[in-house]
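One structure below.
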Ligand SMILES: Nc1ncnc2c1ncn2[C@@H]1O[C@H](COP(=O)(O)OP(=O)(O)O)[C@@H](O)[C@H]1O
Ligand SMILES: [Mg+2]
């Protein structure tokens, strides 16, 4: 069942859901619908967006803050617009907390503390990726649905733990080489803590905990699009577990020649996708007559997803 890709894989294990695909295919809409559908079933859900356009504010018709914000009408459904500038501060606080727990030379720890207080030296984007890693390590929610900005941003974010771990390892090696001379071991311990978190994120991203779903319109060669994204994720060992064919014309409304023809075109591509990916969970989400704006509309999409075979 498609729903099995969305609920926690087992008790006590957080499910992470990512949606990939071209701009405008419905990633943000479906992220909101999945999160809402799960919240309606009682799961503790976070909808985390890194999209600067804050699409979720327009979809949920609510001002979602850069801190976790309760979605109207729910106790168990939170949303957040992960803001780059705010992320710098949040990450800085996380690091300072870690520094507080370090053992080692007092002077060095004081130096590290002052350094991180004054100078978090993180490019904005990287800061929000660190918040992403923090969420991958959190067990506060049963499900976290990520909505990413368009373009290569999705892959940038999801591959960040690999790239960052690589940098951290190099840095640790260099610092270990000079540690005998400098006596600076607390910083090594700090970097090792960062490395550990990135390793854990990597493990989760390539495990049953993560569901990467691809959203496609059943129009314009979706198979090529799907294969391209599958290939881009392969080096990281992140499998695409499901395909969402969005904006499928409901058969019952295709009564005139124009829409009958359009529906036929969609059916051709749906068949093509199903043949090409026989082992993947595939669902069809209908096109509805309006934009998907407001909780009631999102609920309609959620119902289609949650009841899919
Ligand atoms: N199943 C659907 N039925 C009707 N409109 C939809 C559906 N899915 C998405 N839309 C509309 O398509 C537009 C683009 O969706 P969006 O979720 O912002 O795409 P993305 O995040 O992939 O760029 C929005 O106006 C949204 O309301
Ligand atoms: Mg979007």
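Scanning the stretch 176-205 for residues that are without any contact (Cβ under 8 Å) to a residue 40 or more places away in the chain and more than 22 Å from residue 91 (Cα to Cα) gives 176, 177, 178, 179, 180, 181, 182. Screening residue 155 against (1) in a helix (DSSP H, G or I); (2) farther than 27 Å from residue 286 by Cβ; (3) away from ligand 1 (no atom under 16 Å from the Cβ) leaves a single unmet condition, (3). The criterion of being in a strand (DSSP E or B), away from ligand 2 (no atom under 14 Å from the Cβ) and either within 23 Å of residue 154 (Cβ to Cβ) or in contact (Cβ under 8 Å) with a residue 40 or more places away in the chain (or both) does not hold for residue 99.
Just checking, does the stretch 62-78 include any residue being within 13 Å of ligand 1 (Cβ to nearest atom), in contact with a helix residue (DSSP H, G or I) (Cβ under 8 Å, 6 or more places away or on another chain) and not in a loop (DSSP other than H, G, I, E, B)? Taking every residue of the stretch 62-78 in turn, none turns out to be within 13 Å of ligand 1 (Cβ to nearest atom), in contact with a helix residue (DSSP H, G or I) (Cβ under 8 Å, 6 or more places away or on another chain) and not in a loop (DSSP other than H, G, I, E, B). Apart from one condition, residue 240 fits all of (1) in contact (Cβ under 8 Å) with a residue 24 or more places away in the chain; (2) over 20 Å from the mean Cα position of the chain (by Cα); the exception is (2). Do we find a residue being more than 13 Å from ligand 1 (Cβ to nearest atom), closer than 21 Å to residue 200 by Cα, crowded, with 23+ Cβ neighbours inside 10 Å and touching a residue at least 24 places away in the same chain (Cβ under 8 Å) anywhere in the stretch 2-15? Within the stretch 2-15, one or more residues are more than 13 Å from ligand 1 (Cβ to nearest atom), closer than 21 Å to residue 200 by Cα, crowded, with 23+ Cβ neighbours inside 10 Å and touching a residue at least 24 places away in the same chain (Cβ under 8 Å).
Taking each residue of the stretch 148-159 that is within 18 Å of residue 81 (Cβ to Cβ) and in contact (Cβ under 8 Å) with a residue 60 or more places away in the chain and looking for partners that are assigned to a helix (DSSP H, G or I) and within 11 Å of ligand 2 (Cβ to nearest atom) with beta-carbon atoms closer than 8 Å, six or more apart or interchain, yields 148/27; 148/154. For residue 267, state whether it is loosely packed, with under 14 Cβ neighbours inside 10 Å, at pLDDT 95 or above and in a helix (DSSP H, G or I). So residue 267 fails the test.
Sort out which residues of the stretch 212-234 are outside any loop (DSSP other than H, G, I, E, B) and either touching a residue at least 60 places away in the same chain (Cβ under 8 Å) or outside the structural domain of residue 265 (by TED's automatic domain parsing) (or both), and write them in order of number.
Looking only at the stretch 212-234, we keep the residues that are outside any loop (DSSP other than H, G, I, E, B), and these are 212-216, 222-234.
Passing the criteria: 212, 213, 214, 215, 216, 225, 229, 232, 233.
Among the residues of the stretch 273-292, the one identified as exposed (fewer than 14 other Cβ atoms within 10 Å of the Cβ) and within 16 Å of ligand 2 (Cβ to nearest atom) is 291.
The values are calculated or read from the model by the stated rules, or taken from the named source; none is laboratory data. Note that the structure is a prediction, hence the values are computed from the model and not measured. Cβ: placed from backbone, ideal geometry, glycine included. Neighbour counts: every protein chain shown.
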